[in-house]
1. Provide a single number: the residues in the range 16-41 that are more than 15 Å from Asp103 (Cα to Cα) and surrounded by fewer than 17 Cβ atoms within 10 Å (Cβ to Cβ).
2. Regarding Leu168, is this residue over 30 Å from Gly22 (Cα atoms), more than 23 Å from the chain's Cα centre (by Cα) and not aromatic (Phe, Trp, Tyr)?
3. Take the range 42-59 and flag every residue that is assigned to a helix (DSSP H, G or I) and either out of contact with any Phe, Trp or Tyr (no Cβ under 7 Å at 6 or more places or on another chain) or closer than 25 Å to Phe96 by Cα (or both).
4. Which number in (1) out of contact with any Lys or Arg (no Cβ under 7 Å at 6 or more places or on another chain); (2) in a helix (DSSP H, G or I); (3) modelled with pLDDT of 80 or more marks the one condition that Pro87 misses?
5. Give the number of residues within the range 188-209 that are within 15 Å of Phe222 (Cβ to Cβ) and crowded, with 16+ Cβ neighbours inside 10 Å.
6. Look through the range 50-60, keep the residues that are under 27 Å from the mean Cα position of the chain (by Cα) and free of Cβ contacts under 8 Å to residues at least 40 places away in the same chain, and return whichever of them is surrounded by the most Cβ atoms within 10 Å (Cβ to Cβ).
7. Return the residue satisfying two criteria in turn: it lies in the range 226-260 and is at pLDDT 55 or above and assigned to a loop (DSSP other than H, G, I, E, B), and of such residues it is surrounded by the most Cβ atoms within 10 Å (Cβ to Cβ).
8. Could you tell me which of the residues Ile69, Ile11, Ile4 is surrounded by fewer than 16 Cβ atoms within 10 Å (Cβ to Cβ) and within 22 Å of Ser140 (Cα to Cα)?
Amino acid sequence: MRKIKRTIFKIIDPTYADKGVGRVFNIGMLIVIFLNILAVIVETEEGIYSQNKTLFDNFDLFSVIIFTIEYILRLWTCTEHKKYNSPISGRIKYAFTLSMMIDLFSFLPFYIPVGGLDLRIIRAVRLFRLFRLFKIGRYSQSLNKLVNVIKAKKEELVITLFSAGVLLIIASSVMYFIEREAQPDAFGSIPDAMWWGAVTLTTVGYGDVYPVTLLGKFIGAFIAALGIGLFALPAGIIASGFATELQKEKLEIKICPHCGKDIHAT
């Protein structure tokens with residue numbers, strides 16, 4: 001039984017995803033997840049859903065069975081991890097990890113008893129299947145790189161977001177004092193002005209609210225220019241993080257994991 005558990009662990013654990021059956025398993029799970037997301041999207045077209053209700057329901061049942069079995073197997077084999085090697089406390093600890101909670105919520109709504117609930121509420125509960133989208137991170141090395149980049153650059157990103165929040169408050173406050181008399185409905189309070197500030201700083205520009213005074217237009221143009229630079233910063237930070245991450249990969253490839261020397265060294 002220990003040998004079987006170890007074999008299953010190697011198949012379903014992403015660490016072994018590049019080898020044999022494990023790779024096939026991970027690719028298969030990715031396909032099932034993408035098909036589930038596609039099904040959720042297509043089901044919102046009432047005409048398509050009503051004509052193929054049985055097909056959608058059967059696929060949902062098939063997916064829930066697959067995800068349930070996968071969840072149980074992960075919970076059973078998690079003791080192969082040194083971190084979760086305790087049969088009881090280790091499994092409880094593993095069950096409350098973020099990835100396992102996402103796995104649980106990806107199929108749990110299917111088992112919730114619906115009783116006499118309104119069908120519209122039932123459909124809303126079914127949308128919780130969108131949690132399956134986040135399971136992709138378990139099977140994608142590229143998404144893992146993105147997570148590593150965000151973790152490495154979290155301080156810079158937090159500072160950027162904090163700066164954006166401060167600028168939004170300042171811009172909204174200034175525009176409130178300038179435009180409140182000319183447009184009491186649109187800029188009657190600072191929270192009302194924040195909608196204009198958010199739209200302007202992100203350069204979306206819906207056009208539903210805009211300054212009409214000369215000073216307001218001047219300040220608005222200046223704030224829009226600041227928004228272009230400020231909201232471009234996170235993209236630059238993440239791009240820099242990716243470059244650093246790729247550079248680390250190259251260095252890891254050149255260094256022998258056994259002797260620590262350059263592989264290409266003679």
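The values are calculated or read from the model by the stated rules, or taken from the named source; none is laboratory data. No experiment lies behind these values; they were computed from the predicted model shown. Cβ coordinates were reconstructed from backbone atoms using ideal geometry, including for glycine residues, and neighbour counts include every protein chain displayed.
1. Qualifying residue count for the region: 13.
2. yes
3. Those that are assigned to a helix (DSSP H, G or I) and either out of contact with any Phe, Trp or Tyr (no Cβ under 7 Å at 6 or more places or on another chain) or closer than 25 Å to Phe96 by Cα (or both): Val42, Glu46, Gly47, Ile48, Ser50, Gln51, Lys53, Thr54, Leu55, Asp57, Asn58, Phe59.
4. Exception for Pro87: condition (2).
5. 4
6. Looking at residues that are under 27 Å from the mean Cα position of the chain (by Cα) and free of Cβ contacts under 8 Å to residues at least 40 places away in the same chain, I get Phe56.
7. Going through the qualifying residues, I end up with Phe231.
8. On the way: Ile11 fails: surrounded by fewer than 16 Cβ atoms within 10 Å (Cβ to Cβ); Ile4 fails: within 22 Å of Ser140 (Cα to Cα).
One residue alone meets the criteria, Ile69.
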